[in-house]
Amino acid sequence: MRELDHDATQMSLQGFEGRVALVTGAARGIGRRVVETFLALGAKVAGLDLDEPEVEGALGVVVDVTDPQSVAAGIGGAEAELGPTSILVTSAGVFNPTPFENVTSELWRRTLDVNVTGTFNCVRAVLPGMSDRDYGRVVTLSSMAGVDGGARACAHYATSKGAVIAFTKAIAREYCSYGITANVLAPRNIRTGMIAAFEDELAEQAPMGRVGEADDVAAAAAYLSSAHASYVTGSVITLNGGWW
């Protein structure tokens, strides 16, 4: 494994100081790294997850993104403590590699409930306030599987992540006149618990000879959430290590 030669928490970007950022899937992996990065950039951050995120300096909130009432209560509580939301990053997601012939109706529904409906519930909860204030940054987490269908045994996952892309593009078009941008990050093979069982195999196959790091994704999320990205909306940024 090559040593990581960068640190997203050391970035210098405008547009974070004093703003409130919400990050779902914040207990671990990409979401947690996004929380750490936004804190370092000066934002007030709430991390949302089924397991209460514990990141020093951030507000941890227990939320089930598939439940609209849980989302409304969690975000409402976070905003009561921190202030109105300016930035939302939806990192909550599930991935259970399964050959298509073995995908049950329950697995199909669960995958779409978390990855698609969970994204919808969170975006719907913050957009009215963002539009009232004429400012907002929305960054959704998709996957390269949502762009190209992915590898074998992930039809359900690829479908959900493709839907996230279409949804985000629609939001970007509908809300751009309100000072709100909405963009997608589509990573491939990032070192998280989702790929832990076959990380070495993926690293050998990757053109760069390694998998990506949560820090790579956090850095991209930070740029898209910053003041510098005010003219970037409806974009899909792929983080693929040369594997497209």
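The values are calculated or read from the model by the stated rules, or taken from the named source; none is laboratory data. Bear in mind the structure is a predicted one, so any value in this text is a computation, not a measurement. Positions of Cβ are generated from backbone atoms using ideal geometry, with glycine treated the same way; all protein chains shown enter the neighbour counts.
Values for this structure:
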quantity	calculated
Cross-chain or 6+ apart pairs with Cβ under 8 Å, the range 228-240 first and assigned to a strand (DSSP E or B), then surrounded by fewer than 17 Cβ atoms within 10 Å (Cβ to Cβ)	THR238/TRP244
From the options VAL116, VAL35, VAL55, VAL61, residue that is of a type in the set (A, V, I, L, M) and out of contact with any strand residue (DSSP E or B) (no Cβ under 8 Å at 6 or more places or on another chain)	VAL116
Residue match in the range 7-27 (condition: under 22 Å from THR111 (Cα atoms), assigned to a helix (DSSP H, G or I) and either within 16 Å of the chain's Cα centre (by Cα) or at pLDDT 95 or above (or both))	no
Any hit, the range 115-125, residues being part of a helix (DSSP H, G or I), among the β-branched types (Val, Ile, Thr), touching a residue at least 12 places away in the same chain (Cβ under 8 Å) and touching a Lys or Arg at 6+ places or on another chain (Cβ under 9 Å)	yes
Residue match in the range 147-161 (condition: assigned to a helix (DSSP H, G or I) and under 12 Å from the mean Cα position of the chain (by Cα))	yes
One residue from VAL147, VAL164 being of a type in the set (Val, Ile, Thr) and closer than 21 Å to GLY47 by Cα	VAL164
Candidate set from the range 54-100 (those that are in a loop (DSSP other than H, G, I, E, B) and closer than 12 Å to ASN121 by Cα); member that is nearest to the chain's Cα centre (by Cα)	ALA92
Among (1) touching a residue at least 24 places away in the same chain (Cβ under 8 Å); (2) over 22 Å from GLU213 (Cα atoms) - the single one THR9 does not satisfy	(2)
Residue match in the range 75-98 (condition: touching a Phe, Trp or Tyr at 6+ places or on another chain (Cβ under 6 Å) and either closer than 26 Å to ALA145 by Cα or of a type in the set (Phe, Trp, Tyr) (or both))	yes
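Conditions (1) over 18 Å from VAL23 (Cα atoms); (2) surrounded by 15 or more Cβ atoms within 10 Å (Cβ to Cβ), marked per residue:
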| site | (1), (2) |
| --- | --- |
| SER86 | no, yes |
| THR90 | no, yes |
| PRO97 | yes, yes |
| PHE100 | yes, no |
| THR104 | yes, no |
| ARG110 | yes, yes |
| VAL114 | no, yes |
| GLY118 | no, yes |
